[in-house]
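Chemist: Below: one structure in C-alpha cells.
The values are calculated or read from the model by the stated rules, or taken from the named source; none is laboratory data. The structure displayed is predicted, hence computed values, not measured ones. All Cβ positions, glycine included, derive from the backbone under ideal geometry; neighbour counts span all protein chains shown. Each accessible area value is taken on the protein alone, full model and side chains, heavy atoms only, with ligands, DNA and RNA left out. Shrake-Rupley method; radii C 1.70, N 1.55, O 1.52, S 1.80 Å.
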Amino acid sequence: MIVKTFCAALNGLEVNIVNVEAFSTTGIRYNLTGLGDTAVKESHDRIIAALTSIGKAPRTAEYTINLAPADLKKEGSGYDLSIAMSLLALNKHVEKDAISNFLFLGELGLDGTLQPIKGALPIAIEARKRNFAGMIVPKENEREAAVVNNLPIYGVNHILEVIDFVSGNSRGLQPTFVDTRKEFCEEEIQFDVDFADVKGQESVKRAMEVAAAGGHNMIMVGPPGSGKSMMAKRLPTILPPLSLGESLETTQIYSIAGMLPTSATGGSPLMTRRPFRSPHHTISQVALCGGGIIARPGEISLAHNGILFADELPEFNKKTLEVMRQPLEDHKVTISRATYNIDYPCNFMFVAAMNPCPCGYYNDPTHDCNCTPGQIKRYLGKISGPLLDRIDLQIECSNVKFNDLAKLQPGEPSRDIRARVVAAREIQTKRFANDSGVYCNAQMTEKLIHKYAEPTPDAMEVLKTAMEKFNLSARAYSRILKVARTIADLDNSETVEKRHIQEAVLYRSLDRSYWGEW
C-alpha cells in the first residue's frame, strides 16, 4: 500500500510542496529517498521513538519513504510529522484518506511532542494557493501561520492530538484565528529614543528627515563624538509606519530566519515596526548577503523595508562592502551556490557613519590630525567610488558647540519630524499608485524620474552647473533628482524648483570637495 501526505520545502522565499510517499513491503529496513539532508535522514530515529512512546510502533516491515520531487534539496526537521502520519496510515492507525488533503509540519520529540519549525508563514501562504483543507503545525507556530486567512490552521502540542483530529475524535481542536488588522494597528509603536535628545546638528537632522521621507541612502562623515551613531539610532523614530503589505513581506523573511516570537513567548505574529539592523564591522560576506550550508537570509534581507546601519564604515572588509552594490541598485540579492539558487528581497535604507581619517580629526578646527596623507588615502580607499555613488545623501558632521550642548530646551521631537515624513510619503503613495513595486522616491526608475522629477528651467541650470563643477556621474544626476523630488514633497510643491535642486546638490557636495582630495 502507498500512502501520501504533504509537507513543504523552502528555497529562499519560494515554497515547494513536498509529497511524502510511504510504501511498505516485507523486511526490516527503512529507506528514505528524495535528497534530504542529515536532519531529514535522522528523522527515522526520532519518528520511531515517538511512535513507540505512544504505543503505535510500526510493525516489522520494510518502509520506503520518498520525498518528491526527488531532485529538490530538503533541509531541516520539519518533515517529521508528515512522515510519521504516513507511517501511521500504513499501519492502519489512521485512515489514509483522512490525511490526504492536509499539510503537516513539525519536528517530533522522542516522546511525541511537537517542536517549532522555521518558515511557517510562507508555507501557509503557499498552502492556501494549493487549496489544502488545512495545515497542522506545532502550537508555537500557530499564530504565525494563522496570519494567512482562508486557511484553517491547527496548532498542536503532541502527535496524539493530530491522530485524534484526523480520526474525528477531537472536538476541542479548533482553527486558530488572528485578526491581522487588529494585531497590526493595536497600538502606536513606542521608542526608547527620540530626536528631542539631540542637541545641535540641525543640518544633519534635516538630511535625515529628507532621507526618511524618500527612502534614500545616506552617509555621515565626522569626528568622534559628533553624534553620528546617536542620530542614526534615532532614524527609525521618524520613519513612516509599515503598511500591511510591507509587514507581511518582512514577517516572511523573519519567519524563514526563525526570528519571530512564538505563540509561547507572546508578542505579535506580525512585524509591526521597521527593522533596524546594525551588524559589526567583522561581519562576513555570507552573513551580510545570506546563504551558507543551510541557506538563510543575511543582514541586508533582515533589513528589508527598514534600515541597515554600518557604523565605522571603513573598518568593514572592502570585499564585504562591495557585495552590497548590486542589492542597493536592484533591491534583491541573488545567491548562487553549487546546490541552490535563491533570491532574497532587500529593499532597505543604507545608512553609514565614518570618521574622516584613522585618528578621526582630519579637517577638524579644534583638534590636530596626526595621520599622514598615505594613511588617509588608504583609509578612504576602502570605500569604492561605485558604492559611494549609490549613496544619495553624503553629510559632513561637525562637533557640537558648547552653547548648543548647554541648552536646557530639548530639540524637536521625533513625532513632529515623523508627521512631516508621513505626509511626504502619502504624497508618494498616491503618485506611485499605478507603478507596481515603487513605494517611495528612492525607488523611481529613469522613466519615472523624467515623469515626476523633471526640474524647472532655472533649476536645471543649477543642476547643470553642479554636474560640471563636481564632475558628477550619470547615476549621481539621477539621485540628485530623486532627492530633489523628496525635498519638493516635504515642501508640498508640485514641481521641482531651484531651491529643491540646490539643497539636493548640497547633499552631494562631499563627492568631489572631500573624496576628490584623495
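Chemist: Name the one entry in 208, 231 that is at pLDDT 90 or above, in a helix (DSSP H, G or I) and within 22 Å of residue 426 (Cα to Cα).
Modeler: When all the criteria are applied, what remains is 208.
Chemist: Consider the stretch 460-477. How many of its residues are hydroxyl-bearing (Ser, Thr, Tyr) and either buried (at least 17 other Cβ atoms within 10 Å of the Cβ) or assigned to a loop (DSSP other than H, G, I, E, B) (or both)?
Modeler: 1
Chemist: Run down 50, 70 and say which single residue is in a helix (DSSP H, G or I) and either at pLDDT below 95 or open to solvent by 40 Å² or more (accessible area, probe 1.4 Å) (or both).
Modeler: Just one listed residue meets the conditions, 50.
Chemist: For the stretch 380-409, give me each residue that is loosely packed, with under 15 Cβ neighbours inside 10 Å, over 18 Å from residue 350 (Cβ atoms) and touching a residue at least 24 places away in the same chain (Cβ under 8 Å).
Modeler: 381, 401, 404, 405, 407
Chemist: Only one of (1) touching a Cys at 6+ places or on another chain (Cβ under 9 Å); (2) over 30 Å from residue 376 (Cβ atoms); (3) among the small types (Gly, Ala, Ser) fails for residue 222. Which number is that?
Modeler: Just one mismatch for residue 222, condition (2).
Chemist: Output the qualifying pairs, or none if there are none: Cβ atoms under 6 angstrom, residues six or more apart or on different chains, first residue in the stretch 220-249 and of a type in the set (Lys, Arg), second residue buried (at least 17 other Cβ atoms within 10 Å of the Cβ) and in a helix (DSSP H, G or I).
Modeler: So the pair list comes out as 234/195.
Chemist: Right, next: Among the residues of the stretch 130-153, count how many are touching a residue at least 60 places away in the same chain (Cβ under 8 Å) and touching a Gly at 6+ places or on another chain (Cβ under 6 Å).
Modeler: Residues in the stretch 130-153 being touching a residue at least 60 places away in the same chain (Cβ under 8 Å) and touching a Gly at 6+ places or on another chain (Cβ under 6 Å): 2 in total.
Chemist: Which of the residues that make up the stretch 202-234 are of a type in the set (Ser, Thr, Tyr) and in contact with a strand residue (DSSP E or B) (Cβ under 6 Å, 6 or more places away or on another chain)?
Modeler: 229 - this is the single residue of the stretch 202-234 that is of a type in the set (Ser, Thr, Tyr) and in contact with a strand residue (DSSP E or B) (Cβ under 6 Å, 6 or more places away or on another chain).
The rows are residues; the columns are (1) aliphatic (A, V, I, L, M); (2) over 30 Å from residue 151 (Cβ atoms); (3) in a loop (DSSP other than H, G, I, E, B); (4) open to solvent by less than 30 Å² (accessible area, probe 1.4 Å).
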{"position": "193", "(1), (2), (3), (4)": "yes, yes, yes, no"}
{"position": "196", "(1), (2), (3), (4)": "yes, yes, no, yes"}
{"position": "220", "(1), (2), (3), (4)": "yes, yes, no, yes"}
{"position": "225", "(1), (2), (3), (4)": "no, yes, yes, no"}
{"position": "249", "(1), (2), (3), (4)": "no, no, no, no"}
{"position": "255", "(1), (2), (3), (4)": "no, no, no, yes"}
{"position": "261", "(1), (2), (3), (4)": "no, no, yes, no"}
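Chemist: Which members of the stretch 333-365 meet the condition of being open to solvent by 10 Å² or more (accessible area, probe 1.4 Å), in contact with a Ser or Thr (Cβ under 9 Å, 6 or more places away or on another chain) and under 25 Å from residue 220 (Cα atoms)?
Modeler: Scanning the stretch 333-365 gives 348, 364, 365.
Chemist: Please state which of the following conditions residue 170 fails to meet, knowing it meets all the rest: (1) more than 32 Å from the chain's Cα centre (by Cα); (2) surrounded by fewer than 16 Cβ atoms within 10 Å (Cβ to Cβ).
Modeler: (2)
Chemist: Regarding residue 124, is this residue touching a residue at least 60 places away in the same chain (Cβ under 8 Å) and not charged (D, E, K, R)?
Modeler: Spelling it out, it is not the case that residue 124 is touching a residue at least 60 places away in the same chain (Cβ under 8 Å) and not charged (D, E, K, R).
Chemist: On to the next question. Please work out if residue 149 is open to solvent by 40 Å² or more (accessible area, probe 1.4 Å) and either touching a strand residue (DSSP E or B) at 6+ places or on another chain (Cβ under 6 Å) or closer than 24 Å to residue 243 by Cβ (or both).
Modeler: Yes.
Chemist: Only one residue in 278, 255, 301 is among the small types (Gly, Ala, Ser), closer than 24 Å to residue 417 by Cβ and under 15 Å from the mean Cα position of the chain (by Cα). Which one?
Modeler: 278
Chemist: If residue 229 satisfies all but one of (1) out of contact with any Gly (no Cβ under 7 Å at 6 or more places or on another chain); (2) crowded, with 22+ Cβ neighbours inside 10 Å, what's the number of the condition it fails?
Modeler: For residue 229, the exception is condition (2).
Chemist: Tell me whether the stretch 371-379 contains one or more residues that are surrounded by fewer than 15 Cβ atoms within 10 Å (Cβ to Cβ), in contact (Cβ under 8 Å) with a residue 12 or more places away in the chain and at negative phi.
Modeler: yes
Chemist: If we scan the stretch 270-293, do we find a residue that is assigned to a helix (DSSP H, G or I), of a type in the set (A, V, I, L, M, F, W, C), open to solvent by less than 40 Å² (accessible area, probe 1.4 Å) and out of contact with any helix residue (DSSP H, G or I) (no Cβ under 7 Å at 6 or more places or on another chain)?
Modeler: no
Chemist: Take the stretch 429-447 and flag every residue that is among the β-branched types (Val, Ile, Thr), modelled with pLDDT of 90 or more and closer than 15 Å to residue 305 by Cβ.
Modeler: 429
Chemist: Give the stretch 49-106 a look and list any residue that's in contact (Cβ under 8 Å) with a residue 24 or more places away in the chain, of a type in the set (Asp, Glu) and more than 25 Å from residue 38 (Cα to Cα), or say none.
Modeler: 95
Chemist: Here is a follow-up. Being at pLDDT 95 or above and of a type in the set (S, T, N, Q) is the filter here; which residues of the stretch 285-304 pass it?
Modeler: 301
Chemist: Shifting gears a bit: Would you mind telling me which numbered condition in (1) open to solvent by less than 70 Å² (accessible area, probe 1.4 Å); (2) at pLDDT below 90; (3) farther than 22 Å from residue 360 by Cα residue 423 fails?
Modeler: Evaluating residue 423 over (1) open to solvent by less than 70 Å² (accessible area, probe 1.4 Å); (2) at pLDDT below 90; (3) farther than 22 Å from residue 360 by Cα leaves (2) as the failure.
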